[in-house]
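Shown next, in structure tokens, is the structure this report addresses.
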């Protein structure tokens, strides 16, 4: 059965409005956590359960507080001080902050909020305080949304807190499209599925009749492209998230497998591999149809294309010299330059949305690694190692990756993991079962 | 206050458990993914069962290769002779890879293997119009352990026959 649920929050999704003008005050040393090569000591924060302004908001206040804290803890950059340690009690959203009480428990950031129900909708307000500078960090903000959208409001609050403290863009109000897997290793059933970045709100986009592989989000998050065996051959399909109606990307003559699709940064075109007579090359076609442009032309395997965020260059893998290696070429075609230089094989390159790194899968001496390198191939850094790690996808802020990790043996099973680009904070993402091929959405609109 | 930390990237080594090799997949000997029923009996030399068991429906490949070994060429020569004798059959050649590789590369590798078999059969006189190919990459292993004993069986191209659709 195909489950279909509305993907968007009903009505106007989330309206964020500043609560109060910032209290301007000289601030010599503001609270700031710089993510460089990995933070060793997480920053302690206090988050008293948000106040429920009325009875209808009680559950939401507790749930929202829990999700905000989980978002922050999950980064590995923040540590939550348990509520049992708090000296002050926050009884009113507008009450003055007793900074010494929070300094005494070594809370560096304090998040205070309230939730109110207004005619079936939720209003969430929060403020962030820099405890040791004794001042607010940014303005208070208010989010309004439907009751169903409480998780997104929590993620929005957490994104704000993360951004104000780290200076990086938040990535909590995002989704991940992935492949849900069931059944034994030699008879796997696969379905395209969608979840919030933290594994909540799983929704299946296809049934398990046809083998499906490697879905990718469009740059605006409203479309998904993937490979399906619906016709008997692997072929690229496109789906609008709003209606879940799959359609073939283009009419491809019988016998030609198409696979490994990704959107161009403007979302208007798709690059993919097409196989003819056993040889795979990379092509580009407009989403709306039209002429197919051949981007590579070699008697070797060319696949796994990914564009630089400005659309000027394309990274891909090729085995033209024997094993898989990573190459960069001008987006419109031209001479590829190999950038992977180490020993072993390199595949599945993905350009960071920030443009600064390329993530990849490396295979060497029977082990697989997820790694990152600069776009010229320098500063290679391996972040993981296991029996089988593959297929990294970037968080929209370019600071965290998800990937597939598969265990060995007859009971071997895939799961989705996340790791930050310093190699810290390796975590398994909570999925309802076996899961593979994650693709991270942009920040939701 | 400002926090700035620089540490070397951690290399996370996950412990893995290596399971013993289990022999026999679900599709073992069943003539590829699409083979189901209607094989006839192996004693009938014009049956799919005879082709699968006596001629041999599959050839194996070395790691990351699509080159046909001498043994593979021998099996394919027999396949070609059988196909030319039994012209009422069509053949779908499935290319497969072992799990030691990334998903999309393995799809392309499976296509290469299937194509190598197709080209060989055509070179032996089988009409191209009776042959088609598909790649399953690493998606459909027949042996599921994680060592070479299984991998070598999974790096395969299987010639799957269907009746009644000849030229």
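Overview of results
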quantity	calculated
Number of the exception - residue A:218 against (1) in the same structural domain as residue A:309 (by TED's automatic domain parsing); (2) crowded, with 21+ Cβ neighbours inside 10 Å; (3) touching a residue at least 60 places away in the same chain (Cβ under 8 Å)	(3)
Every residue from segment B:67-79 that is in contact (Cβ under 8 Å) with a residue 12 or more places away in the chain, in contact with a strand residue (DSSP E or B) (Cβ under 9 Å, 6 or more places away or on another chain) and more than 14 Å from every other protein chain (Cβ to nearest Cβ)	B:71, B:72, B:73, B:75, B:76, B:79
Residue among A:46, A:28, A:57, A:104 that alone is surrounded by fewer than 16 Cβ atoms within 10 Å (Cβ to Cβ) and either in contact with a strand residue (DSSP E or B) (Cβ under 9 Å, 6 or more places away or on another chain) or modelled with pLDDT under 95 (or both)	A:28
Considering residues of segment A:89-101 that are surrounded by 14 or more Cβ atoms within 10 Å (Cβ to Cβ) and touching a strand residue (DSSP E or B) at 6+ places or on another chain (Cβ under 9 Å) only, the residue nearest to residue A:152 (Cα to Cα)	A:93
Residue match in segment B:80-91 (condition: within 14 Å of another protein chain (Cβ to nearest Cβ), at pLDDT 95 or above and assigned to a strand (DSSP E or B))	yes
Matching residues in segment A:396-416 - criterion: being without any contact (Cβ under 8 Å) to a residue 60 or more places away in the chain, in a strand (DSSP E or B) and under 11 Å from the mean Cα position of the chain (by Cα)	A:401, A:403
Lone qualifier among A:80, A:118 - being in the same structural domain as residue A:147 (by TED's automatic domain parsing), in contact with a helix residue (DSSP H, G or I) (Cβ under 6 Å, 6 or more places away or on another chain) and surrounded by fewer than 18 Cβ atoms within 10 Å (Cβ to Cβ)	A:80
Residues satisfying the stated conditions in segment B:102-132, i.e. crowded, with 20+ Cβ neighbours inside 10 Å, outside any helix (DSSP H, G or I) and more than 7 Å from chain A (Cβ to nearest Cβ)	B:126, B:131
Filter result (at the interface with chain A (Cβ under 8 Å from one of its Cβ atoms) and touching a strand residue (DSSP E or B) at 6+ places or on another chain (Cβ under 8 Å)) within segment B:138-167	B:139, B:140, B:141, B:142
Residue A:306 being part of a strand (DSSP E or B) and assigned by TED's automatic domain parsing to the domain that holds residue A:246	yes
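Here's the yes/no breakdown for (1) more than 13 Å from every other protein chain (Cβ to nearest Cβ); (2) within 28 Å of residue A:396 (Cα to Cα); (3) buried (at least 21 other Cβ atoms within 10 Å of the Cβ):
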site	(1), (2), (3)
A:223	yes, yes, no
A:228	no, yes, yes
A:243	yes, yes, no
A:262	no, yes, yes
A:270	yes, yes, yes
A:273	no, yes, yes
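The values are calculated or read from the model by the stated rules, or taken from the named source; none is laboratory data. Just so it is clear, the structure is predicted and the values come from calculations on it, not from any experiment. When we count neighbours, we look across all protein chains shown, and the Cβ atoms used for this are built from the backbone with ideal geometry, even at glycine.
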